[in-house]
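Visitor: Pasting a structure below so you can have a look.
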Amino acid sequence: MRKQQSQANAQAAELSELRPGQSVELLKELHILTREGRLNQDSRRKLKQVYHLFNFIEPLLTELSADGGGPTLADHGAGKSYLGFILYDLYFKALGHGHIYGVETRAELVEKSRLLAQRLGFGRMSFLNLSVAESSAADELPAQIDVVTALHACDTATDDAIAFGLEKKARAMVLVPCCQAEMAACLRQGKALQLARTPLAELWRHPLHTRELGSQVTNVLRCLYLEASGYQVTVTELVGWEHSMKNELIIARYTGQKKRSAAERLRAILVEFGLEKALGPRFGLAAAANVTEAAAAG
């Protein structure tokens, strides 16, 4: 009897970590809760990350829905759609309008999410079996999306999500980058030349430093690109480092004020690292680079 009471108390304590009104059935379907309604350590970590991200996204959604329209949200690299389902359960369901689009390349996860949304009656959720890059031209998505999210979108998928947000005139973007390898690869290619050119190349002489610096510089360039495109940018931690090493959260809100200084510094950083030609087009410098090349050829 005492053991049963202890188990009941433990379960009640775990359920108290959930948000008021949250669907226990949904959390079981997402395997965040066990069939007995318990939380293991891994599930608690996932839930903490999603809750913390929700705390940043909810005020944006509230602001955007104040006029009675939308909001629409596209979740890129959705995976099992933890974020999308919990956003719907905690916000969109009670709101009564708005739509969430989950974009994911793995067809089996897309189908599972579609079936789960039908089973739970989450009628304003759509799931698309597309890459982030393909989604910009997809007929299934509206011409304008209010909020773009990308939680742990790997390598250049975060850049694709930013390009999607710019194409869809997103009013806000919430991004948690992951596994940036492109910049590190570019730095490795010109390492010997850069070591001879500038002492700053010591920052990426060792392979571990190349990877870490590549990740850091990539995110700095993303922030500058967003500022140059008319967004106000905030960078913070998603959760404590003990929960995730991929922990950088970039929040961008559209203001329409394009910062020329951000574009100039973006270019200067690419030039300093010898990456203007390789990565310039990714950060909106393609046209300027072509003009420079033409002038040099003339």
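Visitor: Any residue in the stretch 173-198 that is under 23 Å from ARG222 (Cα atoms) and touching a residue at least 60 places away in the same chain (Cβ under 8 Å) sitting within a Cβ distance under 7 Å of a residue that is part of a helix (DSSP H, G or I) and of a type outside the set (A, V, I, L, M, F, W, C)? List the pairs, counting only those 6 or more apart or interchain.
Guide: Matching pairs, first to second residue: MET173/GLY165; LEU175/THR158; PRO177/THR158; PRO177/ASN219; MET183/GLY214; MET183/THR218; LEU187/THR210; LEU187/GLY214.
Visitor: Hey, any hits in the stretch 215-226 for a residue that's in contact with a strand residue (DSSP E or B) (Cβ under 8 Å, 6 or more places away or on another chain), under 27 Å from ILE100 (Cβ atoms) and of a type in the set (Phe, Trp, Tyr)?
Guide: No, the stretch 215-226 contains no residue that is in contact with a strand residue (DSSP E or B) (Cβ under 8 Å, 6 or more places away or on another chain), under 27 Å from ILE100 (Cβ atoms) and of a type in the set (Phe, Trp, Tyr).
Visitor: Shifting gears a bit: Out of GLY274, GLY256, I need the residue that is over 18 Å from the mean Cα position of the chain (by Cα), outside any helix (DSSP H, G or I) and in contact (Cβ under 8 Å) with a residue 40 or more places away in the chain. Which one? Spell out the reasoning first.
Guide: On the way: GLY256 fails: in contact (Cβ under 8 Å) with a residue 40 or more places away in the chain.
Just one listed residue meets the conditions, GLY274.
Visitor: In the stretch 119-162, how many residues are in contact with a Ser or Thr (Cβ under 7 Å, 6 or more places away or on another chain) and closer than 26 Å to GLY214 by Cα?
Guide: Residues meeting the conditions: 2.
Visitor: Moving to a separate point now. Assuming LEU200 fulfils every condition listed in (1) farther than 29 Å from THR149 by Cα; (2) in contact with an Asp or Glu (Cβ under 8 Å, 6 or more places away or on another chain); (3) surrounded by 19 or more Cβ atoms within 10 Å (Cβ to Cβ); (4) not charged (D, E, K, R) apart from one, which condition is it?
Guide: Exception for LEU200: condition (3).
Visitor: Scan the stretch 146-179 residue by residue and report those that are at pLDDT below 90 and over 17 Å from LEU238 (Cα atoms).
Guide: Result: ASP155, THR156, ALA157.
Visitor: Only one residue in LEU187, LEU221, LEU203, LEU193 is over 21 Å from LEU266 (Cα atoms) and either part of a helix (DSSP H, G or I) or at pLDDT below 85 (or both). Which one? So that I can check it myself, show each step before the final result.
Guide: Numbers: LEU187 fails: over 21 Å from LEU266 (Cα atoms); LEU221 fails: over 21 Å from LEU266 (Cα atoms); LEU203 fails: over 21 Å from LEU266 (Cα atoms).
Criteria check complete, one pass: LEU193.
Visitor: Taking only the stretch 249-275 into account, find how many residues are under 28 Å from VAL176 (Cβ atoms), modelled with pLDDT under 90 and not hydrophobic (A, V, I, L, M, F, W, C).
Guide: Residues that pass the stated criteria total 1.
Visitor: Something else now. Can you pull out the residues in the stretch 71-93 that are in a helix (DSSP H, G or I), among the aliphatic types (A, V, I, L, M) and in contact (Cβ under 8 Å) with a residue 40 or more places away in the chain? Steps first, please.
Guide: We begin by selecting, within the stretch 71-93, every residue in a helix (DSSP H, G or I); these are 82-93.
Filter once more, so that each one left must be among the aliphatic types (A, V, I, L, M): 83, 86-87, 90.
Matches in the stretch 71-93: LEU83, ILE86, LEU90.
Visitor: Determine the pairs where a residue that is more than 12 Å from LEU116 (Cβ to Cβ), located within the stretch 18-38, has a partner that is among the aromatic types (Phe, Trp, Tyr) with Cβ atoms under 9 Å apart, the partner being 6 or more residues away or on another chain.
Guide: Here the result reads ARG19/TYR51; ARG19/PHE54; ILE32/TYR82, each pair linking the stretch 18-38 to a residue that is among the aromatic types (Phe, Trp, Tyr).
Residue by residue, here is whether (1) over 19 Å from the mean Cα position of the chain (by Cα); (2) within 25 Å of PHE56 (Cα to Cα); (3) hydrophobic (A, V, I, L, M, F, W, C) holds:
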{"site": "ALA143", "(1), (2), (3)": "yes, yes, yes"}
{"site": "ALA153", "(1), (2), (3)": "no, yes, yes"}
{"site": "LEU166", "(1), (2), (3)": "no, yes, yes"}
{"site": "LEU175", "(1), (2), (3)": "no, yes, yes"}
{"site": "CYS178", "(1), (2), (3)": "no, yes, yes"}
{"site": "TRP204", "(1), (2), (3)": "yes, no, yes"}
{"site": "HIS209", "(1), (2), (3)": "yes, no, no"}
{"site": "VAL217", "(1), (2), (3)": "no, yes, yes"}
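Residue-wise test of (1) touching a Gly at 6+ places or on another chain (Cβ under 9 Å); (2) crowded, with 24+ Cβ neighbours inside 10 Å.
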position: LEU87; (1), (2): no, yes
position: ARG106; (1), (2): yes, no
position: LEU115; (1), (2): no, no
position: GLN118; (1), (2): no, no
position: SER136; (1), (2): no, no
position: PRO142; (1), (2): no, no
position: CYS154; (1), (2): yes, no
position: CYS178; (1), (2): yes, no
position: ALA185; (1), (2): yes, no
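The values are calculated or read from the model by the stated rules, or taken from the named source; none is laboratory data. In this text, all values refer to a predicted model and were calculated from it rather than measured experimentally. Neighbour counts run over all protein chains shown; Cβ positions are idealised from the backbone, glycine included.
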